[in-house]
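Q: Okay, here's the structure, questions in a sec.
The values are calculated or read from the model by the stated rules, or taken from the named source; none is laboratory data. Source: prediction; values computed, not measured. Reconstructed Cβ throughout: ideal geometry from the backbone, glycine too, with neighbour counts over all protein chains shown.
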Amino acid sequence: MTSSDQHPEDQHSADRAHDHSGDSSAEPHPALPSITRHADVAIIGGSAAGLAAALQLSRQQRSVIVVDAGDPRNAPAAAMHSYLGHEGRSPADFLRIARAEVCSYGAEVLTGRALDVARDAEGFRIELTGGHVLRARRVVAATGLTDELPEIPGLAEHWGTSVIHCPFCHGYESRDRRIVALVTSPVGLHALPLLRQLTEQLTVVVHGGVPAEDPQLATLKSAGVPVIVEPVERILDDDAGRLRALRLADGTEVPADTILIGTRLHARVAPFAGLGLAASEHPTGIASYVEADPVTGATAVPGLYAAGTLAEPTLQVLPTAAAGGRVGAMISFDLAQEDLEAAARPVAHAADWDGRYSGDLQWSGNPNGSLVAEAAGLTPGTALDIGAGEGGDALWLAEQGWRVTASDISKLALERVRAEAQRRSLPVETLQTDANAAEPFDRARYDLVTAAYASIPRTPDARGVTNFLDAVAPGGRLLIINHDVSDIRETLSTAEPESTRPFDHEAFVGTDDFVEALTASPEWEIEVNERRERPAGAASAHHVHDVVLRARRLS
Ligand SMILES: Cc1cc2nc3c(=O)[nH]c(=O)nc-3n(C[C@H](O)[C@H](O)[C@H](O)COP(=O)(O)OP(=O)(O)OC[C@H]3O[C@@H](n4cnc5c(N)ncnc54)[C@H](O)[C@@H]3O)c2cc1C
């Protein structure tokens, strides 16, 4: 989307032509009408693998929508280790940084859950919680794994803190302390030599699954490691709730500061079952996983790729991110080849907006109230409406005597503008372009450049913002009307994956970005920068305030 795109969430606005919600109050979480979004690539799972794929793809100018339910496998751990450059950072902090990087290229990360992925003649169709639908040319499954812990009372309470699964991830933090290696299967013997290097206070407790005469146990005993073959009855805590000991079936208590266990890993494949994708048993015997090409990530389902631990269960976070980046690159090749063979060069995000303008009228056709108020005192000249949509603002400006160019990324939106202009005998030019393109608008041509709720995907160089400013003639005005993001953030802070919000405002240029650019330039003077209540009847269920920014180009 871009030059002409009205903000997706404004679909819920009560000034929409067909407001399915029938609710213009400011209730905290009313149900949103269902929305269909379109992207080149839908990524299910927004942790290390999914976000790395998104970064790669968005930098190839592909539109990307990530859907993430917010429970990465390492969430119980306070810190993430062995990730060069992020050593010791919390998993949540790492994902916050990664999300911001992805959004800086206009990729969206929706908090929500994919329920079902299907395929029809139009490509993939993904049902999201909240009733929304995502359409995509390619899908990345990056849903990761879940851990099944041995059923021992008291164990789960310490999972991710003093019950650990991997000497590389958290062994160092337990060095020189009392570590109990709790063995439940032959695979559990694999890590034991590593633990001996971390502490002299290692005890091995064989809960089951391994014969007492296993040669590795004999080797450990010979090296002086106590080995106890006895089932564990429960885990004991001290008065402060800290791990204290393991109580065995024979009543013995084995003191411990840390317990290392092996878990059974399960591939999260449920959303892909309808496509016929099933999990297989991993050769290590510790996990179910999705079989995928080790280089491209392609699965047996054409167009569906698997990335990260879903396809390679033993990976830590750093190689998971590398794998996600690799799969993102391979999908970029795949899409590029398909477009080459079709002699097409689709503009990222255009399909999303054409999808929206292919059905019912989206808007009321009335001009934005703030535009009417701000433009009333100006002498009509040349005007550019960016993200014109169906042209409510552009047509009103034309009626006031402005020579208007209505610009939008969607050709279908502009067809509506032209039809309405013809019906009302108004002279409105149309310009189909991407506001993030290289010089999409004539420089210094317009006395007024206006945009109401335009959704311009971010780029790290803020190219869209520069394009807006460059289009204004010396002495002309820039008028930006946006939703107040603090209202949106407030709603999002309590968002649940069970009710996907169908847009991610962090991926779009905000009013603050314009203010920053205007303030940095001596050519501009900000005349108005105000938070205003949306006019009565226009307040959507999710935005109660607008921010109106008007600036004058001095030279
Ligand atoms: C307790 C613990 C601590 C760990 N500590 C470390 C460490 O210190 N260092 C290290 O390198 N590795 C560590 N790991 C391993 C690390 O967790 C994984 O390598 C990493 O999380 C794998 O990333 P991923 O992207 O493949 O999957 P995940 O991180 O598991 O992410 C999958 C994502 O998909 C989302 N999802 C799932 N289903 C859906 C759906 N239907 N719709 C939408 N979204 C969905 C989930 O919400 C989740 O956010 C640890 C693991 C555990 C269990």
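Q: Tally the residues that are under 44 Å from the mean Cα position of the chain (by Cα), part of a helix (DSSP H, G or I) and of a type outside the set (A, V, I, L, M, F, W, C), restricting the search to region 194-217.
A: Total meeting the criteria: 2.
Q: Also: Residues in region 224-233: is at least one more than 16 Å from the ligand (Cβ to nearest atom) and under 26 Å from PRO72 (Cβ atoms)? First the steps, then the outcome.
A: If we filter region 224-233 for residues that are more than 16 Å from the ligand (Cβ to nearest atom), which is where we start, we get 224-233.
Now drop any that are not under 26 Å from PRO72 (Cβ atoms), which leaves none.
Within region 224-233, not a single residue is more than 16 Å from the ligand (Cβ to nearest atom) and under 26 Å from PRO72 (Cβ atoms).
Q: In region 76-121, which residue that is of a type in the set (D, E, K, R), assigned to a loop (DSSP other than H, G, I, E, B) and more than 9 Å from the ligand (Cβ to nearest atom) is nearest to GLY171 (Cα to Cα)? Talk me through it step by step, then tell me what you get.
A: Narrowing region 76-121 to residues of a type in the set (D, E, K, R): 87, 89, 93, 96, 99, 101, 108, 113, 116, 119-120.
Add one more test, that the residue is assigned to a loop (DSSP other than H, G, I, E, B), and what stays is 87, 89, 113.
Now restrict to residues that are more than 9 Å from the ligand (Cβ to nearest atom): 87, 89.
Values: GLU87: 14, ARG89: 16 Å.
Top of the filtered list is GLU87.
Q: Limited to region 59-71, what total is found for residues that are surrounded by 24 or more Cβ atoms within 10 Å (Cβ to Cβ) and near the ligand (Cβ under 6 Å from one of its atoms)? Reasoning before the result, please.
A: In the first step, residues of region 59-71 are kept if they are surrounded by 24 or more Cβ atoms within 10 Å (Cβ to Cβ); the result is 62-68.
Add one more test, that the residue is near the ligand (Cβ under 6 Å from one of its atoms), and what stays is 67-68.
Of the residues in that region, 2 qualify.
Q: With respect to ALA413, is the statement that it is in contact with a strand residue (DSSP E or B) (Cβ under 8 Å, 6 or more places away or on another chain) and crowded, with 24+ Cβ neighbours inside 10 Å true?
A: On the way: in contact with a strand residue (DSSP E or B) (Cβ under 8 Å, 6 or more places away or on another chain): no; crowded, with 24+ Cβ neighbours inside 10 Å: yes.
In short, no.
Q: Looking at the structure I just gave you, is ARG242 closer than 27 Å to GLN316 by Cβ and within 16 Å of the ligand (Cβ to nearest atom)? Don't jump to the end; show me each part of the working.
A: Working: closer than 27 Å to GLN316 by Cβ: yes; within 16 Å of the ligand (Cβ to nearest atom): no.
It is false that ARG242 is closer than 27 Å to GLN316 by Cβ and within 16 Å of the ligand (Cβ to nearest atom).
Q: I've got another one for you. Could you list all residues from region 159-188 that are among the hydroxyl-bearing types (Ser, Thr, Tyr) and outside any helix (DSSP H, G or I)?
A: First pass over region 159-188, keeping only residues among the hydroxyl-bearing types (Ser, Thr, Tyr): 161-162, 172, 174, 184-185.
Those that are among the hydroxyl-bearing types (Ser, Thr, Tyr) and outside any helix (DSSP H, G or I): THR161, SER162, THR184, SER185.
Q: Out of all the residues in region 508-551, which are at pLDDT 95 or above and touching a Gly at 6+ places or on another chain (Cβ under 7 Å)?
A: Residues of region 508-551 at pLDDT 95 or above: 508-530, 547-551.
If the condition is that a residue be at pLDDT 95 or above and touching a Gly at 6+ places or on another chain (Cβ under 7 Å), then VAL509 is the only one that fits.
So that you can scan it fast, the table gives a plain yes or no per residue for (1) of a type in the set (Gly, Ala, Ser); (2) in contact (Cβ under 8 Å) with a residue 40 or more places away in the chain; (3) outside the structural domain of ARG501 (by TED's automatic domain parsing):
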| residue | (1), (2), (3) |
| --- | --- |
| ILE65 | no, yes, yes |
| PRO72 | no, yes, yes |
| GLY85 | yes, no, yes |
| ALA92 | yes, no, yes |
| VAL109 | no, yes, yes |
| ARG119 | no, yes, yes |
| GLU122 | no, no, yes |
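Q: Is it true that LEU426 is farther than 28 Å from GLN61 by Cα and in contact with a strand residue (DSSP E or B) (Cβ under 6 Å, 6 or more places away or on another chain)? Steps first, answer last, please.
A: Numbers: farther than 28 Å from GLN61 by Cα: yes; in contact with a strand residue (DSSP E or B) (Cβ under 6 Å, 6 or more places away or on another chain): no.
Here the answer is no, as LEU426 does not meet what is asked.
Q: Of all residues in region 294-332, how many are part of a loop (DSSP other than H, G, I, E, B) and either crowded, with 24+ Cβ neighbours inside 10 Å or small (Gly, Ala, Ser) (or both)?
A: Filtering region 294-332 down to residues part of a loop (DSSP other than H, G, I, E, B) leaves 294-297, 299-303, 307, 311-316.
Those left that are additionally either crowded, with 24+ Cβ neighbours inside 10 Å or small (Gly, Ala, Ser) (or both): 297, 300, 303, 307, 311.
Looking only at that region, the number is 5.
Q: Within region 102-126, can you find the residues that are surrounded by fewer than 18 Cβ atoms within 10 Å (Cβ to Cβ) and in contact with a Pro (Cβ under 8 Å, 6 or more places away or on another chain)?
A: LEU115, ASP116
Q: Being more than 18 Å from VAL347 (Cα to Cα) and more than 11 Å from the ligand (Cβ to nearest atom) is the filter; apply it to region 34-58 and report the residue that is modelled with the lowest pLDDT.
A: The initial filter retains those residues of region 34-58 that are more than 18 Å from VAL347 (Cα to Cα), namely 34-36, 43-53.
Imposing the further condition that a residue be more than 11 Å from the ligand (Cβ to nearest atom) reduces the set to 34-36.
Values: SER34: 89, ILE35: 92, THR36: 95.
Among those residues, the one meeting the criterion is SER34.
Q: For PHE468, work out the one condition from (1) crowded, with 23+ Cβ neighbours inside 10 Å; (2) in a helix (DSSP H, G or I); (3) free of Cβ contacts under 8 Å to residues at least 40 places away in the same chain; (4) touching a Leu at 6+ places or on another chain (Cβ under 7 Å) it doesn't fulfil.
A: (3)
Q: Still on this structure, I have one more. Restricted to region 139-158, and to residues that are part of a strand (DSSP E or B) and not hydrophobic (A, V, I, L, M, F, W, C), which residue is farthest from the ligand (Cβ to nearest atom)? Steps first, please.
A: Let us first name the residues in region 139-158 that are part of a strand (DSSP E or B), namely 139-141, 145-148.
Filter once more, so that each one left must be not hydrophobic (A, V, I, L, M, F, W, C): 146-148.
Values: THR146: 8, ASP147: 5, GLU148: 11 Å.
The extreme case among them is GLU148.
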